[in-house]
Ligand code: T5A
């Protein structure tokens, strides 16, 4: 189905969850589907998405920021996010594009907050400064037992690649992350939907598409008739 109408403003969809749950895979599948529907789609990721933010990504994921502690890491993720929002995300939304982002502010809440121990008030201040009004319209939380996600992430890495800063954390850290994302989704049900990521790639993609159509496109299709 092709949608002839251009939305009055773009849609901002984020994918969240633990390591290896299938965020990148599902983001690519949704982007393909939305492009087939006739929309402009911008795909991006965090940390990263802009030249400056990608430099911070290298620093953070190499583990060189780890000795500074979770508060400093949260500040660096937020600095990368501020540039990403101002330079890429907000302008794309303004011109009516869909922006699909692999991780966003919920990852800071889960990794540096729930697991790193940075207090919620401090994180809320950093989030407000970095994100402003550019908040996701929908966050898809892919849910999978941590062991399965870590096994998927390990099988994706080629022989020489090492686990990064956060993949190297112990299993209890990753199981805690899973619950942190579920807690976020439970606290903001109007923004978040949780999808069982243990299903096949095709089944998860179908479920994601169904959420997108229910939330955004059913109304657009009716209006276009
Ligand atoms: N971080 C990030 C913070 O600590 N704070 C922050 O604020 C932010 C933004 C980013 C790291 O930074 C941390 C979190 C992360 O540790 P990253 O490299 O972007 O690092 O890591 P991830 O986001 O975890 O990305 P991954 O690539 O590891 O996982 P994905 O994207 O969830 O999974 P994907 O799609 O690459 O799939 C992994 C493997 O599983 C297969 C795929 O083919 C692939 O081989 N797969 C499936 N297999 C079976 N069934 C399915 N349904 C499958 N779906 C995918």
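We did not get these values from a lab; they are worked out from the coordinates using the rules stated. Worth saying up front: this structure is predicted, and the values here are computed from it rather than measured. No Cβ is skipped: glycine too gets one built from the backbone with ideal geometry, and neighbour counts run over all protein chains shown.
Tabulated results
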quantity	calculated
On Cα atoms only, tilt of 23-36 relative to the major axis of the chain in degrees	20 degrees
The chain: relative contact order in percent, alpha carbon pairs under 8 Å with at least 6 residues between	31 percent
Rounded tilt (10° steps) of 171-187 against the dominant C-alpha axis of the chain	40 degrees
Mean ellipticity per residue at 222 nm, deg cm²/dmol - from DSSP H runs of n ≥ 4 across the chain, formula -39500 (n - 2.57)	-14000 deg cm²/dmol
Cβ crowding within 10 Å averaged over residues, with 22-31, 178-187 ranked highest first	22-31, 178-187
With Cα atoms, 0 to 90° folded angle of helix 120-131 axis to the chain main axis	50 degrees
